[in-house]
Amino acid sequence: MAETTYRNNCESRYTEKIESIEGGYCYEANRSHYWGPQELSLFFGTNLYRQSTPEQKLALNHLYWVTQYNQTAATEANAVLYNNVTEGVFSAVGGFGALCSELSLETEQEHQHIHAFHAIGYATRKALFGSERIVRPRLSSLSATSRRNTKNSSAPPSLLSLKIPALNWTKLQDEACRLMILKLSSGGGSCSYSDFLRSQQRSGKPIPVQRAGLLGQVVPASLSRIMTISFGASPFSACFFYAIRYLANILLKNYEHSYFQFHRSLERAGDFIPAPTAISYYHMLDESFHTTTSQLISQDLYKEFPRPTAYEHLMANLIFYRGQQMMLGGLSAVLPGIFRSDSTFILPSTRS
Ligand SMILES: [Fe+2]
Ligand SMILES: [Fe+2]
């Protein structure tokens, strides 16, 4: 099954299509067209939307695409990290060559998808709001892990005066967490520990964590390192990551399928196809391989490995429960088609 998915994915050219569409993108050439069904517009169904001018309605339709794919890019950045972490487990266990090749290919594809979503989002917001109102996305911006290592200038002088620079507390904490989680996990302990995390640690790098996207938000910041190590500590937890990745795949399809159908109807009518609509179309096709992989690992592959321990049960249930709470815990009037509360969009009142 993994071999077939890998072969079909290698033969497909959807990522290259996305790359070429992104290269030729210009907002002006797309601004007078809807990029998806009208229902996929910010504030659709509200009085604010009804009172908008035709030009504003187009902009709200475009900003819906930008907002959704900004969130998708953040969740795909989660996939980039955890694909590497879990692929490292399968390669440490051995015998999963085709699956590891597929995961590497999916990771490369996510890099290109993220680039396209950010580039189109930035160009669109710049055209609509002006460059001084927005911040250019930086893929190489200071990561959460490197921020964690930045000197804390507000530390009390008494601590700074202690001359013990040889102690690397982050490294010590990482090692302590790793040893503890390996003890609590199934599957032969360090024999199946992620090759990726092992090489990170060998080169002196801290355990990577995520702060945005679905998996960056399911656990509090203090637990993100534990989550990363857990995914890399045993075959069961590595397989479990694909259950939450499958949830993210399905949530994406919930609105991306509408863009896919919209593209088809434009194609059938011989009408102009806006670049972002075409990107959604090819992204949906590219992601179909990823969904198949998520399903294969989370529903079948885990059965090949030792049963989970109490710790792994707890982590899996906690992460999945939080994922459902976050992503399926409300209805939005700002962003139709998502199941999140609007509270994050509401600014605090400024009562005098
Ligand atoms: Fe993607
Ligand atoms: Fe994906």
- Query: What residue among His283, Leu331, Pro54 has its Cα farthest toward the positive end of the dipole of the chain, where the charges are +1 on Lys, Arg and -1 on Asp, Glu, each on the Cβ?
  - Reply: Leu331
- the chain, dipole about Cα centre (Lys/Arg Cβ +1, Asp/Glu Cβ -1), debye to the nearest 20: 1440 debye
- Could you work out how far the C-alpha centroid of segment 196-214 sits from that of segment 269-292, in angstrom? 32 Å
- By a straight-distance test (C-alpha under 16 Å), which aspartates and glutamates pair with Lys253 as possible cross-link partners, with residues fewer than eight away in the same chain excluded? Glu39, Glu76, Glu110, Asp286, Glu287
- Message: Given Cα positions, please report Rg to Rh for segment 179-243, the hydrodynamic radius being the Kirkwood one.
- Response: 0.96
- Item | Cα-based convex hull volume of segment 266-310 per residue, rounded to whole Å³ | 94 Å³
- Task: Would you mind computing Rg(Cα) / (2.2 N^0.38 Å) for the chain, counting N as its residues?
- Result: 1.09
- Fewest-first ranking of Arg211, Arg307, using other Cβ atoms within 10 Å as the exposure measure: Arg307, Arg211
- Assuming R0 = 45 Å, what is the FRET efficiency of Leu328 and Lys171, from their Cβ-Cβ distance, to the nearest 0.05? 0.75
- Note on the structure: One can check that the equivalent ellipsoid of segment 36-113, built from the alpha-carbon gyration tensor with semi-axes equal to the square roots of five times its eigenvalues, has lengths in Å, largest first, of 42, 10, 8
- First check a/c for segment 240-344, with a ≥ b ≥ c the square roots of the eigenvalues of its C-alpha gyration tensor; if it is under 1.5, answer rounded, and if not, answer prolate when a/b is larger than b/c or oblate otherwise. oblate
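Throughout, read-outs are computed from the coordinates displayed, never taken from laboratory work. Computed from a predicted model, the values in this text were never measured in an experiment. Cβ: placed from backbone, ideal geometry, glycine included. Neighbour counts: every protein chain shown.
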